[in-house]
Amino acid sequence: MPKAKVNGVEIEFENGMTVLQVAELAGEEIPRFCYHERLSIAGNCRMCLVEVKPGPPKPQASCALPAADGQEIITNSAMVKKAREGVMEFLLINHPLDCPICDQGGECDLQDQSMGYGRDATRYAENKRAVEEKYMGPLIKTVMTRCIQCTRCVRFITEVAGVPDIGMISRGEDVEITTYLDRAVASELSANVIDLCPVGALTSKPYAFNARPWELTKTPSIDVMDALGSAIRVDARGSAVLRVLPRTNDAVNEEWISDKTRYACDGLGRQRLDRPMIRQNGKLRPATWSEALGAVAERIRAAKPQRLGVIAGELQDAESMKAALDLFAGLGAASIDCRTDGSPLGAGSRESWLFNSTLEGIEHADAVLFVGANPRMEAAVLNARLRKMWLSGRTRFGLIGQPADLTYDYDHLGAGAEALAGLAKSDHDFVKAFKAAQRPAIIVGAGALGRDDGAAVLATIAQAAGTLNVVRDGWNGWNVLHTAASRVGGLDLGFVPRAGGLTAKQMVAPGAVDVLFLMGVDEMDLGKSDAFVVYIGTHGDKGAHRADVILPGAAYTEKAGLYVNTEGRVQRGERAVFPKGEAREDWAILRALSARLGAPLPYDTLDQLREKLFADHPTFGRIDYAPGSTPAPLDLSGLGEAGQIRDADFQSPVRAYHLTNPICRASVIMAECAALAAGLKIAAE
C-alpha cells in the first residue's frame, strides 16, 4: 500500500484516496464546507487548504487533490493557517450577522469553523450582498443571503435524490442557488438538504423559531414510517416531539431519511386518543380504565374462542404483538393475523419473507427485477441506494408493474400477470442480462402480494426465481420489500392464523367474528364488520371511528419497543416522551386485560416480557443483526399456492406517499405536502 507523511507521521492509505481522506486517517481535522463523503467533489469552498510536498509552494485544496505515494502533507503550518483565515474572511464578507435569530445557531458549521480557523476581525467595511429568498416548498425555509455557494444541496438533489430541481445560476457576485421556476422540490428526500447545509441558508420551515438545540432532549430511536427501520434521533422538549433527525447507519439508511420520517412528527400531538372510551347509544363517551377493561373482558368471556379475532396494525412493536399472541392464543383463539394487506407470506422458512440481500448488500447486485414494487414510494431511502447503483453503471434494472418515475432508467417488462408468467422464457434483453448476471436479485413488493390471488402470484414469482437461479452459493437475491414496520416482526412471531382461523381480511367481513380486537389497525375497511370492536391505538382514525371500546395506546416515540425491518434486522426504539393523557403502552394494556380475564400473562415488566420473547423467539435477541449478511440456501419451491392469476396490473399500495398511516394523516405538514404532490401530479399529467 502507498504511504504518505502527515505532519511528520507516516501512514498507509488505499489507492484513490484524496489528501483530505489521508489526513483524516492520521487523525488530523480538516475544515470543509463543500466536501461531503457521499457527494461528488466540488472543490469550491477552499476551506480545506493544506500544504503538500512535492508540489507548488502554495496551499492546495485537499478534497480534490489525489494522494500519492511519498507525499508529505502539512496541515498546521503558518502558510496553511494564514490561508484558511483568508478563506474564512472572504466567506464572511457577505454573510449577515444574524446568528441570534438563525435556526442553525448552535449547530452551524460556519460558526464552529470561524471560531476554530478564522480571524478575530475583518478588514472589509463594504456593503454586504443581499439575495432574494427562494421558494422550495413547505418543508425548506430559505434565507439565501446566508448562502456560501458550497453547492451541497445542488449535488444532493441531483445525484442522490435524482430530481434536479435545485441548481446554481449566474456567475461571480451574482451567483445564486435557486429552484429555477420557484416551485417546490419534488423529492421524497428533499429535506436532507437542511442537514447538509453548513450555514443557515436552508433550514426547516415547520421547525422555524421553535427551539434551540440545547433546550432539547435527544433520544436515539428507529423510524416506523416504512419497513426500512432508518436510524433517527427524536428531539423533544417537555411532552412534545419537536423534530426528527437522521442518525448515520451505513447498513440501513446511510445518513438520509425521508421527508415523511422527518416531518410527520407534528401528527404525534394531534387527534390523539388520550383516555378510554366506550360507545353508548351510538356515541363514544369517556370512561375509566377499569370500566373499559371490564366491558372488554365481559364481551371476550361471552364469546367462543373461534369467534374471537385479533389483528395487528402496521406500526406495532414486537412486545405488544407477543403479549397479544400469548393472551389470545391462551384463550384458544385461532383467528390471529398481522397481514392487513392480505399478503400470503408467513409459511415456510423465515428467509422467504425477508429482504435477503440486505439493504447494504443489494449494492452488489448486477441485475435487479422489481415485481409489483415502487421503491421510490415504498422505501425512498432504499431508492436512493438503488439510484447510486445505477449511476455507477454496475446494475441494470427491470420492472414488472405499473410504470413510475424511479429517478433512474429501467426496462419495463409488462404491467402484470402476463409478463410475470412468461418471465423465464422471455427473450427480452433485460431477461438475458438477468440470466447472465453473477448476482441477480428480485425485489417483490406489496403490490404483487396484497391481492386476492396473492398466493398464486407468490408461487409464480418463486418459480421464476428458482428457474433464474436467484438463490445460489454465497448469494441470496430473493427480496421482499415490506411497507409496514410491524410486518416482519409479526411474521417472525407467528402472528398468523392457526388451523381453522381466519385471515385479517376475512375477519372484517359481516358475521365473521363476535369480538374483533384491533391493535393500531387503521388501513382496513371496517365498515362492514358487525363484530364488537375493541381498538388499541393512538389516533382517531379508521379503527377508532368503528370501535365500540377504545383503549388509548402509546405512539412509537412514547414507548420502548423492538421492531424488525424488512431485511430481518431487529432494532430497538426508545421512548422520547411519555404517552398522552391516560394512554398506556400497548403491552401493559394487554397485561391488565389478561388479569381481568383471570388468565394473567406471566410478566409484569417490559424486561420480563422481553425475556420471554427472547426465550420463545431467539431471533429477537440478536439486536442489529441482518441474517442475510450470511447467505444461506433457500428453497423457494414451497412458496405460495398454484392457482389462476388475475390479468390485472400490479399496483403499489402507496397511493398517497405522505398519508400512509394515522400519524401522517394527523399531520398538518403531511397534509400540505400531499396536496402539493397531488397538484404536481395533475400538472404533470
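The values are calculated or read from the model by the stated rules, or taken from the named source; none is laboratory data. All values derive from a computational prediction rather than experimental measurement. Here the Cβ is made from the backbone with ideal geometry for all residues, glycine too, and neighbour counts use every protein chain on show. Only protein heavy atoms, including side chains, enter the accessible area calculation; ligands, DNA and RNA are left aside. Shrake-Rupley method; radii C 1.70, N 1.55, O 1.52, S 1.80 Å.
Brief remarks follow.
- Residue ID - nearest to Ala678 (Cα to Cα), chosen from residues in region 175-184 that are hydrophobic (A, V, I, L, M, F, W, C) and surrounded by 17 or more Cβ atoms within 10 Å (Cβ to Cβ): Ala184
- Filtered residues of region 306-334 (kept if of a type outside the set (Asp, Glu) and in a loop (DSSP other than H, G, I, E, B)): Gly313, Leu315, Gln316, Leu331, Gly332, Ala333, Ala334
- A search for C-beta distances below 6 Å between a residue of region 205-230 that is of a type outside the set (Lys, Arg) and any residue that is open to solvent by 70 Å² or more (accessible area, probe 1.4 Å) and not in a loop (DSSP other than H, G, I, E, B), counting only pairs 6+ apart in sequence or on different chains, returns Ala211/Arg237; Glu215/Arg237; Leu216/Arg237.
- Among the criteria (1) within 25 Å of Glu255 (Cβ to Cβ); (2) open to solvent by less than 50 Å² (accessible area, probe 1.4 Å); (3) in contact (Cβ under 8 Å) with a residue 24 or more places away in the chain; (4) in contact with a strand residue (DSSP E or B) (Cβ under 7 Å, 6 or more places away or on another chain), the one Val52 does not fulfil is (1).
- Among the conditions (1) open to solvent by less than 60 Å² (accessible area, probe 1.4 Å); (2) on the phi > 0 side of the Ramachandran plot; (3) among the basic types (Lys, Arg), the only one that Arg46 does not satisfy is (1).
- Scan of region 227-285 for residues that are among the hydrophobic types (A, V, I, L, M, F, W, C) and within 26 Å of Asn356 (Cα to Cα), ordered by number: Ala227, Leu228, Ala231, Ile232, Ala251, Val252, Trp256, Ile257
- Note on region 335-353: residues that are modelled with pLDDT under 95, part of a loop (DSSP other than H, G, I, E, B) and among the hydrophobic types (A, V, I, L, M, F, W, C) amount to 2.
- Subset of region 224-235 that is crowded, with 24+ Cβ neighbours inside 10 Å and among the hydrophobic types (A, V, I, L, M, F, W, C) - its residue that is nearest to Glu558 (Cα to Cα): Val234
Conditions tested, residue by residue: (1) surrounded by fewer than 20 Cβ atoms within 10 Å (Cβ to Cβ); (2) among the aromatic types (Phe, Trp, Tyr); (3) touching a Phe, Trp or Tyr at 6+ places or on another chain (Cβ under 7 Å).
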site: Ala125; (1), (2), (3): yes, no, no
site: Ile148; (1), (2), (3): no, no, yes
site: Arg155; (1), (2), (3): no, no, no
site: Val163; (1), (2), (3): yes, no, no
site: Met168; (1), (2), (3): yes, no, no
site: Glu173; (1), (2), (3): yes, no, no
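- The residues of region 441-451 that are part of a helix (DSSP H, G or I) and open to solvent by 10 Å² or more (accessible area, probe 1.4 Å) amount to a single one, Ala446.
- Elements of the type strands (runs of 3 or more DSSP E) sitting completely within region 365-432 and holding at least 2 residues that are crowded, with 24+ Cβ neighbours inside 10 Å: these cover 367-371, 396-400.
- Within region 584-615, if we keep just the residues that are without any contact (Cβ under 8 Å) to a residue 12 or more places away in the chain and assigned to a helix (DSSP H, G or I), the residue that is surrounded by the most Cβ atoms within 10 Å (Cβ to Cβ) turns out to be Ala588.
- Test: residue in region 518-541 that is at pLDDT below 95 and outside any loop (DSSP other than H, G, I, E, B): no
- Residues satisfying the stated conditions in region 185-194, i.e. surrounded by 21 or more Cβ atoms within 10 Å (Cβ to Cβ) and either at pLDDT below 95 or touching an Asp or Glu at 6+ places or on another chain (Cβ under 9 Å) (or both): Val185, Ser187, Glu188, Leu189, Ser190, Ala191, Asn192
- Test: Ile362 is closer than 30 Å to Ala297 by Cα, of a type in the set (Val, Ile, Thr) and either under 22 Å from the mean Cα position of the chain (by Cα) or open to solvent by less than 40 Å² (accessible area, probe 1.4 Å) (or both): no
- Residue check for Gly454: more than 22 Å from Gln571 (Cβ to Cβ), in contact (Cβ under 8 Å) with a residue 24 or more places away in the chain and open to solvent by less than 20 Å² (accessible area, probe 1.4 Å): yes
- Unmet criterion (only one of (1) hydrophobic (A, V, I, L, M, F, W, C); (2) surrounded by fewer than 21 Cβ atoms within 10 Å (Cβ to Cβ); (3) outside any loop (DSSP other than H, G, I, E, B)) for Ala4: (2)
- Hey, Ala462 within 20 Å of Pro375 (Cβ to Cβ) and either among the small types (Gly, Ala, Ser) or open to solvent by 20 Å² or more (accessible area, probe 1.4 Å) (or both) or not: no
- Each residue in region 7-29 was checked for being of a type outside the set (S, T, N, Q), open to solvent by 90 Å² or more (accessible area, probe 1.4 Å) and part of a loop (DSSP other than H, G, I, E, B), and 2 pass.
- Residues being buried (at least 24 other Cβ atoms within 10 Å of the Cβ) and either within 28 Å of Leu315 (Cβ to Cβ) or among the hydrophobic types (A, V, I, L, M, F, W, C) (or both) - total across region 195-220: 3
- Condition check for Gln438: under 14 Å from Ser352 (Cα atoms), open to solvent by 10 Å² or more (accessible area, probe 1.4 Å) and either of a type outside the set (A, V, I, L, M) or not in a helix (DSSP H, G or I) (or both): no
- Ser239 vs. criteria open to solvent by 10 Å² or more (accessible area, probe 1.4 Å) and without any contact (Cβ under 8 Å) to a residue 12 or more places away in the chain: no
- Scanning region 322-344 for residues that are open to solvent by less than 30 Å² (accessible area, probe 1.4 Å) and either under 18 Å from Ala626 (Cβ atoms) or acidic (Asp, Glu) (or both) returns a single hit, Asp337.
- Candidates Val570, Val549: the one that is over 24 Å from the mean Cα position of the chain (by Cα), surrounded by 21 or more Cβ atoms within 10 Å (Cβ to Cβ) and at pLDDT 95 or above is Val549.
- For the residues Gly105, Gly137, the requirement of being open to solvent by less than 20 Å² (accessible area, probe 1.4 Å), within 18 Å of Val193 (Cβ to Cβ) and either touching a Pro at 6+ places or on another chain (Cβ under 9 Å) or small (Gly, Ala, Ser) (or both) singles out Gly137.
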